[in-house]
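Down below is the structure, laid out as structure tokens.
Read the figures in this text as sums done on the coordinates, not as results from a lab. As the structure is a prediction and not an experimental result, all values here were calculated from the model. Reconstructed Cβ throughout: ideal geometry from the backbone, glycine too, with neighbour counts over all protein chains shown.
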Amino acid sequence: MAAYLSLPFMTEAAYARRSRPLQRVLYEAQRVEAPPPLVFPEPEPDFCDLGALQYDFPAVTLTTLRDVAVRGRSNILTPPDAIVRHGLMDPRVDLPAEEFYSRLFPAEGYGSAAWQPADPFEVGYLPEAAVFTDSTSFNYAHWLTEVLPRISAFTADGEHAGVPLIVDADLHPNIVRSIGLVTGPDVTLHRLAPDELVRVGVLRNVSPTGYAPFKLRASARTFSHGRFSPQALRAMVAKLRAAVPAAETGRPKLFIRRRGTVRHLVNEAEIEEVLAAKGFLTIEPERLSLEEQIAAYSGAGMVVGATGAAVANLVYCQADCPTVVIMPKFRELAYWYWRRIAAAAGAGPVIYVNGEQVAPLDNPYHPLAAHQDFRVEAKDVLEAVDAADALRR
């Protein structure tokens, strides 16, 4: 650690109080609320919090920083005199990707930190830019709730037309397409690889519009299941819906077939069959264009599917379209993540179906412990669908 350049490790708010950069509010602070959840089968009382949802999201700000180093796949910024993180991250509980992958080394107590000397190898320069890099930008759910709403908020502001947007390289084509849908065709993108750094003379940074931890420290006993800005999410969704009107299909009920590489629902075919008997249509979002996904979810009457990035499309659902999310039963999983997103986005209610992991790991803090395959009972799914139908009436 002595060979590394150690700098104060602080939140952007703390840095702003010390350095007094130009900063203004894009969206005011707002409270998010939702009624108590429906979970099938009914979990034991101490498994999860079954109370009503209520949390506050802070104001979303636009800050102008000077002479800042921006790294690919990171939203942690480095002006000359500090390493700056956003205020929703709690380093005592959250394990950021930069630390997990040994790019960043926080000191004990998290008052200072240092970047790994060989990170990165390539260095460039931009006189002015807005930054939207993130360690989880490749993940569609994180992109849709944590990165794209920030881009939407910045470009809607209208005062910095023509400023290049720094984004991560190698993003999925649907993610890249989403940028164009919220910004229009004339935006300039500066794509930054994980092993690249760009120094920016004048950097515009939008504070978080949403956040869920990348991973948790082994000492964590309570943790955030995610917090999201209603104004930022809804403004982004409105732009995407306007660009892609919902298909006139009579509000079908959709079953989402998942093609992920981990956390398989091992009896997915059985669940698909029983839902097909109730009139559900099966779609595979991974095979659809972004526009097709927006249209399908915007026009749905109900959505059922196993937890995964495709469930993030519930942000497009109308307020009377419930989503039934099939989840593995695992205490360290952020169960209320989807419910919190839906409440902020103004989408329909989220109902949960829990099932046991097929081969749970002994160590619940193992990086793959939450990603083991699982199964659910078909009767529990059908009960959840009936409950969802009752909410629609």
Next on the checklist: Net charge within 12 Å of G279 by Cβ-Cβ distance, Lys/Arg positive one each and Asp/Glu negative one each, not counting G279 itself?
Outcome noted: +2
Item to check | Per the chain, cysteines lacking a partner by the 4.7 Å Cβ criterion | outcome: C48
Checklist outcome for this item: Quarter of the surface of the C-alpha convex hull for the chain, i.e. direction-averaged projected area in nm², equals 19.0 nm²
Checklist entry - Share of antiparallel DSSP beta bridges in the chain, in percent to the nearest 5? => result 45 percent
Checklist entry - Just A306, A359, A370 to compare: in a GNM of the chain, with alpha carbon springs under 10 Å, which one fluctuates most? => result A359
Checklist entry - Mind listing the phi-derived Karplus ³J(HN,Hα) values for the range 91-97, rounded to whole Hz, using 6.51, -1.76 and 1.60 with θ = phi - 60°, and x for any glycine or proline? => result x, 6, 10, 7, 10, x, 4
Item to check | Net charge of Cβ neighbours under 12 Å - reference T209; Lys, Arg +1; Asp, Glu -1 | outcome: +1
Checklist entry - So if we plug the beta-carbon distance of A161 and A59 into 1/(1 + (r/R0)^6) with R0 = 22 Å, what FRET efficiency do we get, rounded to 0.05? => result 0.40
Item to check | Longest to shortest principal axis, alpha-carbon extents of the range 49-167, angstrom | outcome: 49, 42, 26
Item to check | Measure of compaction for the range 123-233 (Cα Rg per 2.2 N^0.38 Å) | outcome: 1.11
Checklist entry - Of R331, R204, R257, which is the most mobile in a GNM of the chain whose springs link Cα atoms less than 10 angstrom apart? => result R331
Next on the checklist: As a test, work out the antiparallel percent of DSSP beta bridges whose residues both lie in the range 173-324, rounded to the nearest 5.
Outcome noted: 20 percent
Checklist outcome for this item: Any chymotrypsin sites (Phe, Trp or Tyr not before Pro) in the range 1-42 that lie in a DSSP loop and have at most 14 other Cβ atoms within 10 Å would be Y4
Checklist entry - For the range 310-321, in order, what is each residue's ³J(HN,Hα) by Karplus, 6.51 cos²θ - 1.76 cosθ + 1.60 with θ = phi - 60°, in whole Hz (x at glycine and Pro)? => result 5, 5, 4, 5, 4, 4, 7, 5, 6, 5, 9, 10
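For the range 311-393, report the convex hull volume of the alpha-carbon atoms normalised per residue, in Å³, without decimals.
Per residue, the Cα convex hull of the range 311-393 comes to 86 Å³.
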Item to check | GNM flexibility winner over the chain from P120, P213, P349 (Cα, springs under 10 Å) | outcome: P120
Checklist entry - Are there any helices in the chain, counted as whole DSSP H runs, that stretch 18 Å or more along their axis by Cα and score at least -0.5 on average by Kyte-Doolittle, and if so which? => result 230-243, 378-392
Checklist outcome for this item: Here the FRET efficiency for A13 versus S289, based on Cβ atoms and R0 = 30 Å and rounded to 0.05, is 0.15
Next on the checklist: Could you tell me the center-to-center distance, by alpha carbons, between the range 123-146 and the range 1-47 in angstrom?
Outcome noted: 17 Å
Item to check | Cα centroid separation - the range 157-174 against the range 177-250, whole Å | outcome: 10 Å
Next on the checklist: Using the crude model of +1 on Lys and Arg Cβ and -1 on Asp and Glu Cβ, and no other charge, please compute the dipole size for the range 244-392 relative to its Cα centre, in debye to 20.
Outcome noted: 280 debye
Item to check | Rounded D (µm²/s) - the range 244-392, Kirkwood Rh over Cα pairs, Stokes-Einstein at 4 °C, 1.567 mPa s | outcome: 84 µm²/s
Checklist outcome for this item: Residues S207, S219, S6 in order from fewest to most other beta-carbon atoms within 10 Å are S219, S6, S207
Checklist entry - About its Cα centre, how strong a charge dipole does the range 230-288 have in debye, to the nearest 20, once Lys and Arg get +1 and Asp and Glu get -1 at the Cβ? => result 360 debye
Item to check | Counting DSSP beta bridges with both ends in the range 304-393, the antiparallel % (nearest 5) | outcome: 10 percent
